[in-house]
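The structure appears below as structure tokens.
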Amino acid sequence: MGTMAHRLRTISGLSLVFSVACGAAQPAPEAAPPAPVASASALPPAPIQSSVTPVASAAPPAPAPVAPPPPAPVFRIAEGISTPESVLYDEPNDRYLVSNINGKPDGADNNGYITEISPDGKVTKDKFIAGGVGKVKLDAPKGSGITGGVFYVTDITVVRKFDAKTGAPKGDIPIPGSTFLNDLAVAPDGRVFVSDSGVKVGEKGFEATGTDAVYVIEKGKVKPIAKGKELGQPNGIMVWEKSLLCNTMASNELYRLDEKGAKVDVTTLPEGGLDGLVSTGDSLLVSSWKGAAIYRGKLGQKFEAVLTGFKGGPADIGYDSKRKRVLVPRFMDNAVEVYDLK
């Protein structure tokens, strides 16, 4: 969810809005009086020209490049999907779990839900977990992950826990001082990392709160591993080679956090408004709202677009490692699309 001044619609999505300054029109200068015309008898005969040189005229401006549409998806699901922010590939159970905000990104309305989809494009459980059903509390779910049989999902200022098999609630972990928990990543040792993008939804879109941070949950206890505005509104996070990678909403940076929580190996991507971050094994995939694209590359090297034309934002993407597919939540279009990645 990456600078993005505005991702709101009627349900207050995360659409980017750019301001354009328009100057007042200036009156046209008065036309100069026509020059006197000499009489024909006073003019010498015109020489005969063997050729005529055309008068150069200004070429019309080239049209702005238009991003090509993405290729046809393997499948697209729209029915029952509402403001999808994240798609997680649950490899052990071979399923896709979609976080549906179903309202405002920071709305405590208890109507968020998780949809379960099979890799063949069928909705197996339209509301695997649903806020307001039974004892479930779920407002605006975003990033998620599974470890130790527990499904973790960020929810504004709380990390919710559910049984990964049944969806039954298993408690909450509040993150003190946070304002907009976004992505979530799990480590092989069971630690859970979450990002706080440090924003709130205002009248004109996202407004900075200054709570930018990345936290770790270890054995139920929460502690920050990095805090500060220099994090650039951290969004997508991923455990990578015993380190943590992070991208940003407020810029086009991808970086690694070292053991002291400092930014290192800062890598610049073609466009900003960054959101999802996943590994394909030999490279990284990063989704960009501003670029309306998904970029592929390696930390410290050049990133290039591999899928384009996602106007309205590709949010927190997932990756099906078994089938080499990119799982794209179309936040503004209320749909989930799945693409083969060559």
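The values are calculated or read from the model by the stated rules, or taken from the named source; none is laboratory data. Treat the numbers as computed from the prediction; the structure is a model and nothing was measured. Note that each Cβ is placed from the backbone with ideal geometry, even for glycine, and that neighbours are counted across all protein chains shown.
Listed by first and then second residue, the pairs with beta-carbon distance under 6 Å, at least 6 apart or on different chains, first residue in region 291-309 and more than 24 Å from Val264 (Cβ to Cβ), second part of a strand (DSSP E or B) and of a type in the set (S, T, N, Q), are Ala293/Thr308; Ile294/Ser287. Checking each residue in region 158-211 for being under 28 Å from Asn93 (Cα atoms) and aromatic (Phe, Trp, Tyr) picks out Phe162, Phe193. For region 317-333, state whether one or more residues are over 16 Å from Leu231 (Cα atoms), surrounded by 24 or more Cβ atoms within 10 Å (Cβ to Cβ) and of a type in the set (Phe, Trp, Tyr). Yes, region 317-333 has at least one match. In the condition set (1) touching a strand residue (DSSP E or B) at 6+ places or on another chain (Cβ under 7 Å); (2) under 14 Å from Leu88 (Cα atoms); (3) not in a strand (DSSP E or B), Gly300 is compliant with all but (2).
Just to check your reading of the model, which residue among Ser243, Ser178 is over 17 Å from Gly272 (Cα atoms), of a type in the set (S, T, N, Q) and either at pLDDT below 95 or loosely packed, with under 15 Cβ neighbours inside 10 Å (or both)? Spell out the reasoning first.
Details: Ser178 fails: either at pLDDT below 95 or loosely packed, with under 15 Cβ neighbours inside 10 Å (or both).
The conditions single out Ser243.
Of all residues in region 273-317, those satisfying the criterion of being under 22 Å from Val98 (Cβ atoms) and of a type in the set (S, T, N, Q) are Ser279, Thr280, Ser287, Ser288. Scanning region 114-138 for residues that are surrounded by fewer than 23 Cβ atoms within 10 Å (Cβ to Cβ) and part of a strand (DSSP E or B) turns up Glu116, Val123, Thr124, Lys125, Asp126, Lys127, Phe128, Ala130.
So, Phe128, is that one aromatic (Phe, Trp, Tyr), under 23 Å from Lys219 (Cβ atoms) and over 22 Å from the mean Cα position of the chain (by Cα) or not? It would help to see each step written out before you state the result.
Details: aromatic (Phe, Trp, Tyr): yes; under 23 Å from Lys219 (Cβ atoms): no; over 22 Å from the mean Cα position of the chain (by Cα): yes.
In short, no.
Considering only strands (runs of 3 or more DSSP E) fully contained in region 193-275, which possess at least 3 residues that are touching a strand residue (DSSP E or B) at 6+ places or on another chain (Cβ under 6 Å), within 20 Å of Asp316 (Cα to Cα) and not acidic (Asp, Glu)? Answer list for region 193-275: 213-218, 234-240, 243-248, 253-257.
Restricting attention to region 273-307 and to residues that are surrounded by fewer than 18 Cβ atoms within 10 Å (Cβ to Cβ) and of a type in the set (Ser, Thr, Tyr), the residue that is nearest to Leu181 (Cα to Cα) turns out to be Ser279. Suppose we keep only residues that are touching a Cys at 6+ places or on another chain (Cβ under 9 Å), of a type outside the set (Ser, Thr, Tyr) and farther than 22 Å from Val326 by Cβ within region 254-272. Which one would you say is surrounded by the most Cβ atoms within 10 Å (Cβ to Cβ)? Applying the filter and picking the extreme gives Leu257. Of all residues in region 227-256, how many are over 18 Å from the mean Cα position of the chain (by Cα) and at positive phi? So the answer is 3. With respect to Gly190, determine if the residue is within 21 Å of Leu231 (Cβ to Cβ) and modelled with pLDDT of 95 or more. Answer is no for this residue.
Going by the structure shown, is Asp172 out of contact with any Asp or Glu (no Cβ under 6 Å at 6 or more places or on another chain), closer than 29 Å to Trp240 by Cα and assigned to a loop (DSSP other than H, G, I, E, B)? Please lay out each step first, then the result.
Numbers: out of contact with any Asp or Glu (no Cβ under 6 Å at 6 or more places or on another chain): yes; closer than 29 Å to Trp240 by Cα: yes; assigned to a loop (DSSP other than H, G, I, E, B): no.
Here the answer is no, as Asp172 does not meet what is asked.
Look through Gly202, Gly210 and report the one residue that is of a type outside the set (A, V, I, L, M) and on the phi > 0 side of the Ramachandran plot.
Values: Gly202 fails: on the phi > 0 side of the Ramachandran plot.
That would be Gly210, the only listed residue that is of a type outside the set (A, V, I, L, M) and on the phi > 0 side of the Ramachandran plot.
For first residues located in region 166-181 and at positive phi and among the charged types (D, E, K, R), partners that are at pLDDT below 95 and not in a strand (DSSP E or B) and lie 6+ apart or on another chain with Cβ distances below 6 Å do not occur. So, Val328, is that one in contact with a Phe, Trp or Tyr (Cβ under 6 Å, 6 or more places away or on another chain) and part of a strand (DSSP E or B) or not? Answer is no for this residue.
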